[in-house]
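Undergrad: Just dropping this structure here.
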Amino acid sequence: MKKADIFLAAGALAVAAGVYLFYSAGAEAGGGAEVTVDGKSAAFLPLNENDSIRIETPQGYNIVAVQDGTVMVTDADCRDQICVEHKKISRTGETIVCLPHKLVVEITGDGSAAFDTVVGQ
Amino acid sequence: MKAGRVAYYGLFAALAVLMGYVEMLVPVPVPIPGVKLGLANVVVIVILYYMDARSAFFISLVRVILCGLLFAGFAGLLYSLSGALLSFAAMAMLKKTGRFSIVGVSIAGGIFHNVGQIVVAALAVENVKMAYYLPFLLGSGVVTGLLIGLVAQTALRYLKTKP
């Protein structure tokens, strides 16, 4: 190991810590979960009511559930199952991504500006 | 091209594909898209030091294409290709400066592999919010890069003494 190695590793970790702090500093309890598929809005779930919806994507399905103010993907037929194993999210900016299905669940504020009603796929 | 080089290319390419396969069998305990151990990078780094950058580049390319087609499918191929190319570029440049050891080169490889993957992933889901994962991917890139670098360093020691 040389000095430059240490600087490189420390630099990368510093950037990581910076971005992480930036995200967590701005995070507050979320109001809802916005689901997008391939960049387009697919659904919005308010966090204050328990609910579960099935999202059909061109590549397969994901079941997104709200339970006691947290959001998770309870089931999906994607290959890697990363979205299903992902921890529950509840604070603004937190996301669950299902790459194979190009599906993103993101916690937003109160969601009042985003949707009045959800139009099915 | 000398016959000896051809033999080495075949051997290293097969080894790299095998590493990719072994990697698939080892589940990563972190549910974050893009986090990988990067076992195949051991081979790429070894070639980078044992042979040259050009050879390492082609073996890396062959590995990504073979592994992608065999195990991951076309979408997976795009992610790993972007990760592998960016990681290779970073490693080759850092090695050329001569200021970094093999471990530092490997750390850069780990970091840029993950950054490359997240960029393509963000493009794929058309959502810049993927940046949320950046801290985790940077951190894991440093850790896996360090481990992979140490393994490559050890492997090279044996390659040099037993030709």
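Undergrad: I'd like the full set of residues that are outside any helix (DSSP H, G or I) and either within 18 Å of A:Gly18 (Cβ to Cβ) or in contact with a Lys or Arg (Cβ under 8 Å, 6 or more places away or on another chain) (or both), limited to the stretch B:110-158.
TA: We begin by selecting, within the stretch B:110-158, every residue outside any helix (DSSP H, G or I); these are B:125-127.
Matches in the stretch B:110-158: B:Val125, B:Glu126.
Undergrad: State all residues of the stretch A:73-99 that are among the hydrophobic types (A, V, I, L, M, F, W, C), within 20 Å of A:Gly31 (Cα to Cα) and surrounded by fewer than 22 Cβ atoms within 10 Å (Cβ to Cβ); if no residue qualifies, say none. Talk me through it step by step, then tell me what you get.
TA: Pass one, the stretch A:73-99, residues among the hydrophobic types (A, V, I, L, M, F, W, C): A:73, A:76, A:78, A:82-84, A:89, A:96-99.
Keeping just the survivors that are within 20 Å of A:Gly31 (Cα to Cα) gives A:73, A:89, A:96-97.
Once the filter is applied, which keeps residues that are among the hydrophobic types (A, V, I, L, M, F, W, C), within 20 Å of A:Gly31 (Cα to Cα) and surrounded by fewer than 22 Cβ atoms within 10 Å (Cβ to Cβ), the stretch A:73-99 yields only A:Ile89.
Undergrad: Oh, and also: Can you pull out every residue in the stretch B:94-133 that is under 25 Å from B:Ile65 (Cβ atoms), facing chain A (nearest Cβ under 8 Å) and surrounded by fewer than 20 Cβ atoms within 10 Å (Cβ to Cβ)?
TA: Across the stretch B:94-133, the qualifying residue is only B:Ala124.
Undergrad: If a residue counts only when it is in contact with a Lys or Arg (Cβ under 9 Å, 6 or more places away or on another chain) and hydrophobic (A, V, I, L, M, F, W, C), which strands (runs of 3 or more DSSP E) contained entirely in the stretch A:1-105 have at least 2 such residues? Walk me through how you get there before you give the answer.
TA: Numbers: elements: A:32-37, A:40-46, A:51-57, A:60-67, A:70-76, A:95-98.
The strands (runs of 3 or more DSSP E) meeting that bar are A:60-67, A:70-76, A:95-98.
Rundown of residues vs (1) more than 14 Å from chain B (Cβ to nearest Cβ); (2) within 11 Å of the chain's Cα centre (by Cα); (3) among the aliphatic types (A, V, I, L, M), yes/no style:
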site: A:Val15; (1), (2), (3): no, no, yes
site: A:Phe44; (1), (2), (3): yes, no, no
site: A:Ala65; (1), (2), (3): yes, no, yes
site: A:Asp80; (1), (2), (3): no, no, no
site: A:Lys102; (1), (2), (3): no, no, no
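Undergrad: Do the conditions hold for B:Gly68, that is, is it out of contact with any Gly (no Cβ under 9 Å at 6 or more places or on another chain), among the small types (Gly, Ala, Ser), without any contact (Cβ under 8 Å) to a residue 60 or more places away in the chain and within 14 Å of another protein chain (Cβ to nearest Cβ)? Walk me through it before giving the result.
TA: Numbers: out of contact with any Gly (no Cβ under 9 Å at 6 or more places or on another chain): no; among the small types (Gly, Ala, Ser): yes; without any contact (Cβ under 8 Å) to a residue 60 or more places away in the chain: yes; within 14 Å of another protein chain (Cβ to nearest Cβ): yes.
So B:Gly68 does not fit the description; no.
Undergrad: Restricting attention to the stretch B:86-93, does a residue exist that is among the small types (Gly, Ala, Ser), surrounded by fewer than 17 Cβ atoms within 10 Å (Cβ to Cβ), away from every other protein chain (no Cβ under 14 Å) and assigned to a helix (DSSP H, G or I)? Spell out how you get there, then give the answer.
TA: In the first step, residues of the stretch B:86-93 are kept if they are among the small types (Gly, Ala, Ser); the result is B:87, B:89-90, B:92.
Filter once more, keeping what is surrounded by fewer than 17 Cβ atoms within 10 Å (Cβ to Cβ): B:89.
From the residues that got through so far, the ones that are away from every other protein chain (no Cβ under 14 Å) too are B:89.
With assigned to a helix (DSSP H, G or I) added as a condition, the list becomes B:89.
Among the residues of the stretch B:86-93, at least one is among the small types (Gly, Ala, Ser), surrounded by fewer than 17 Cβ atoms within 10 Å (Cβ to Cβ), away from every other protein chain (no Cβ under 14 Å) and assigned to a helix (DSSP H, G or I), which makes the answer yes.
Undergrad: Test A:Ser24 against the criterion of being under 23 Å from B:Tyr132 (Cα atoms), among the polar types (S, T, N, Q) and surrounded by fewer than 16 Cβ atoms within 10 Å (Cβ to Cβ), and give yes or no. Walk me through it before giving the result.
TA: Working: under 23 Å from B:Tyr132 (Cα atoms): yes; among the polar types (S, T, N, Q): yes; surrounded by fewer than 16 Cβ atoms within 10 Å (Cβ to Cβ): yes.
So A:Ser24 passes the test.
Undergrad: Just one of (1) facing chain B (nearest Cβ under 9 Å); (2) touching a helix residue (DSSP H, G or I) at 6+ places or on another chain (Cβ under 9 Å); (3) surrounded by fewer than 17 Cβ atoms within 10 Å (Cβ to Cβ) trips up A:Gly39, so point out which.
TA: It fails just one condition, (2).
Undergrad: Here's another thing I want to ask about it. If you take the residues in the stretch A:17-36 that are under 23 Å from B:Val120 (Cα atoms) and in contact with a strand residue (DSSP E or B) (Cβ under 7 Å, 6 or more places away or on another chain), which one is nearest to the other protein chains (Cβ to nearest Cβ)? First the steps, then the outcome.
TA: Restricting attention to the stretch A:17-36, the residues satisfying the condition of being under 23 Å from B:Val120 (Cα atoms) are A:17-20, A:22-23, A:34-36.
Adding the requirement that they be in contact with a strand residue (DSSP E or B) (Cβ under 7 Å, 6 or more places away or on another chain) leaves A:34-36.
Numbers: A:Glu34: 10, A:Val35: 11, A:Thr36: 6 Å.
In this case the residue turns out to be A:Thr36.
Undergrad: Considering only the stretch B:32-49, state which residues are in contact with a Cys (Cβ under 9 Å, 6 or more places away or on another chain) and modelled with pLDDT of 85 or more.
TA: To start, the set of residues in the stretch B:32-49 that are in contact with a Cys (Cβ under 9 Å, 6 or more places away or on another chain) comprises B:33, B:40.
Of everything in the stretch B:32-49, just one residue is in contact with a Cys (Cβ under 9 Å, 6 or more places away or on another chain) and modelled with pLDDT of 85 or more, namely B:Ala40.
Undergrad: While we're looking at this one, here's another question. Considering only residues of the stretch B:141-163 that are surrounded by fewer than 24 Cβ atoms within 10 Å (Cβ to Cβ) and hydroxyl-bearing (Ser, Thr, Tyr), which is modelled with the lowest pLDDT?
TA: B:Thr161
Undergrad: Okay, moving on. Quick check on B:Leu78: is it hydrophobic (A, V, I, L, M, F, W, C), surrounded by fewer than 15 Cβ atoms within 10 Å (Cβ to Cβ) and more than 11 Å from the chain's Cα centre (by Cα)?
TA: Numbers: hydrophobic (A, V, I, L, M, F, W, C): yes; surrounded by fewer than 15 Cβ atoms within 10 Å (Cβ to Cβ): no; more than 11 Å from the chain's Cα centre (by Cα): yes.
No; evaluated as a whole, the condition is false for this residue.
The values are calculated or read from the model by the stated rules, or taken from the named source; none is laboratory data. Just so you know, these numbers come straight off a predicted model, no measurement behind them. So basically every Cβ, Gly included, is an ideal-geometry build from the backbone, and we count neighbours across all protein chains shown.
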